[in-house]
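Below: the structure, in structure tokens.
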Amino acid sequence: MYQIIDGKKISQEIKDELREKVTALKGQGKQICLAVIQVGSDPASSVYVGNKKKACAYIGIESLAYELPEETTEQELLDLVQKLNADDGVNGILVQLPLPKQINEEKVIQTIAPEKDVDGFHEKNVGALCVGSKGYVSCTPLGIIQLLKRSGVEIAGKHCVVIGRSNIVGKPMAMLLLRENGTVTVCHSRTQNLKEITRQADILVVAVGKPKFVDDSFIKEGAVVIDVGIHRDENNKLCGDVDFEKAAPHASAITPVPGGVGPMTIAMLMYNCVSSAEQEDQVQ
Ligand code: NAD
């Protein structure tokens with residue numbers, strides 16, 4: 001029988017721990033403030049932004065919402081980011097992606113002051129992760145490490161295979177697993193003999209962006225399977241990059257969709273915001 005790795009429960013534990021920390025920080029006169037910028041009104045982005053604001057309210061973090069029109073120019077957005085960079089009352093800045101096509105996302109990300117980049121996307125923070133120094137780490141992979149640790153999954157010495165090499169998930173995931181002393185293989189769209197590699201994984205992280213891509217034929221008996229994907233299937237039901245029904249009976253532990261990795265991303269964003277006020281950096 002496989003264990004379900006319950007991201008809803010674990011993210012709630014983390015949020016409750018953070019709430020206590022924020023209360024203590026307030027007692028010392030420290031307020032935490034996150035600025036959330038959304039450009040345009042993409043419905044999925046609006047849901048994500050709404051959830052982030054809700055999490056801030058729960059934990060006791062002040063959130064400043066900037067809702068800019070779809071036709072906002074790159075310069076207008078850069079000016080706002082610079083203004084928030086200079087504002088001592090703002091600890092963290094988050095620009096909800098994707099941005100409209102007239103705006104260069106990379107330019108915006110690199111304009112956020114690294115010490116306020118609670119998404120962990122700035123080159124300085126990515127570099128810090130690679131060399132093992134202090135910095136913010138991308139929230140989704142950071143949350144996956146917490147899911148594994150808090151579910152009693154040993155990473156050290158294990159063969160960890162990551163499918164996907166995006167800057168937001170795959171690459172930082174690989175670096176974090178390496179930091180935890182895993183033996184890491186990264187697979188991507190040009191990987192040959194993918195299943196041969198994934199069938200060697202003790203821990204398989206799937207961030208491929210294709211619904212139900214991974215079935216039982218990818219999985220070694222008893223592997224731990226982490227599903228990062230979020231999609232709607234043909235019946236409009238949420239599903240992941242893993243075909244749960246087929247994969248789960250072969251896994252020792254697996255994350256569901258919904259209720260697995262998804263809730264962890266926001267919890268770790270909150271973690272990064274609290275760290276910004278505590279002058280800490282990463283979950284150990
Ligand atoms: P992405 O599209 O940027 O990257 C997908 C990766 O998969 C690429 O690196 C590509 O090389 C690899 N890939 C594509 N086809 C492949 C194939 N046939 N074989 C092997 N590798 C292949 O996606 P992303 O931003 O990394 O996100 C991945 C998934 O995770 C998406 O479904 C996304 O919606 C989801 N996501 C969820 C959260 C969350 O909070 N739960 C956060 C971020 C992303």
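The values are calculated or read from the model by the stated rules, or taken from the named source; none is laboratory data. Worth saying up front: this structure is predicted, and the values here are computed from it rather than measured. Note that we place each Cβ from the backbone using ideal geometry, even for glycine, and neighbour counts take in every protein chain shown. Please note that ligands, DNA and RNA were not included when accessible areas were found on the heavy atoms of the full protein model with its side chains. Shrake-Rupley method; radii C 1.70, N 1.55, O 1.52, S 1.80 Å.
When the Cα positions of Leu99, Leu147, Leu178 are compared along the charge dipole of segment 74-228, Leu178 comes out farthest toward the positive end, with charges on each C-beta of Lys, Arg, Asp and Glu. Spin-label model, Leu238/Asp79: points 7 Å from Cα along the beta carbon direction are separated by 3.9 nm. Over all pairs of different C-alpha atoms, segment 188-257 has a mean inverse distance whose reciprocal, the Kirkwood radius, equals 12.0 Å. Mean sequence separation of contacting Cα pairs (under 8 Å, at least six apart), scaled by the length of segment 1-145, corresponds to a relative contact order of 20 percent. When every Cα-Cα distance of segment 83-141 is counted in 10 angstrom steps from zero, the calculated P(r) takes the values 23, 51, 25, 2 percent. Projecting the Cα atoms of Val214, Gly40, Pro258 onto the dipole axis of the chain, where Lys and Arg carry +1 and Asp and Glu carry -1 at the beta carbon, places Val214 farthest toward the positive end.
Couplings 3J(HN,Hα) of segment 253-267, computed from phi: 8, 7, 8, x, 10, x, x, x, 5, x, x, 6, 4, 6, 4 Hz, in residue order, whole Hz [Karplus 6.51 cos²θ - 1.76 cosθ + 1.60, θ = phi - 60°; x for Gly and Pro]. Along each principal axis, taking the top coordinate minus the bottom one, the Cα set of segment 21-113 gives 44, 28, 17 Å in descending order. This model, with +1 at the C-beta of Lys and Arg and -1 at the C-beta of Asp and Glu, gives the chain a dipole about its Cα centre of some 540 debye. With the convex hull drawn over the C-alpha atoms of segment 13-74, the volume per residue is 84 Å³. Heavy atoms of the protein chains alone define the surface here; on that basis the chain has 47 Å² accessible area per residue at 1.4 Å probe size. Residue-wise HN-Hα couplings along segment 48-63, as the Karplus relation 6.51 cos²θ - 1.76 cosθ + 1.60 with θ = phi - 60° gives them from phi, are 4, 5, x, 5, 5, 5, 5, 5, 4, 4, 5, 7, x, 9, 6, 10 Hz; Gly and Pro carry x. Mean projected area of the convex hull spanned by the Cα atoms of segment 86-186, taken over all viewing directions: 7.6 nm². Once both axes come from the Cα atoms, what is the angle between helix 139-150 and the longest principal axis of the chain, in degrees from 0 to 90, rounded to 10? Rounded to the nearest ten degrees, it is 50.
Using only alpha-carbon positions in segment 109-258, the gyration tensor eigenvalues give semi-axes of 26, 18, 14 Å once each is multiplied by 5 and square-rooted (largest first).
Length available on full extension from Thr23 to Gln200: 0.36 nm per residue minus the Cα-Cα distance, which gives 59.2 nm. A cut-off under 11 angstrom between Cβ atoms defines the neighbours of Pro211, and their net charge, with Lys, Arg +1 and Asp, Glu -1, is -1. Computed over the chain, relative contact order equals 22 percent, with contacts defined as Cα pairs under 8 Å that lie 6+ residues apart. Note on segment 44-145: with charges restricted to the Cβ of Lys and Arg (+1) and Asp and Glu (-1), its dipole about the Cα centre is near 420 debye. In the chain, the calculated helix contribution to ellipticity at 222 nm averages -12500 deg cm²/dmol per residue, counting -39,500 (n - 2.57) for every DSSP H run with n ≥ 4.
What residues of segment 45-73 lie in the reach of a label at Gln31, counting those whose backbone N is under 20 Å from a point 7 Å from the Cα along Cα→Cβ? Counting backbone N atoms under 20 Å from the label point, the list is 53-67. Surface composition of segment 1-130: carbon plus sulfur atoms contribute 52% of the solvent-accessible area (1.4 Å probe, protein chains only, all chains present). Principal semi-axes of the equivalent ellipsoid, √(5λ) from the alpha carbon gyration tensor of the chain, are 32, 21, 18 Å from largest down.
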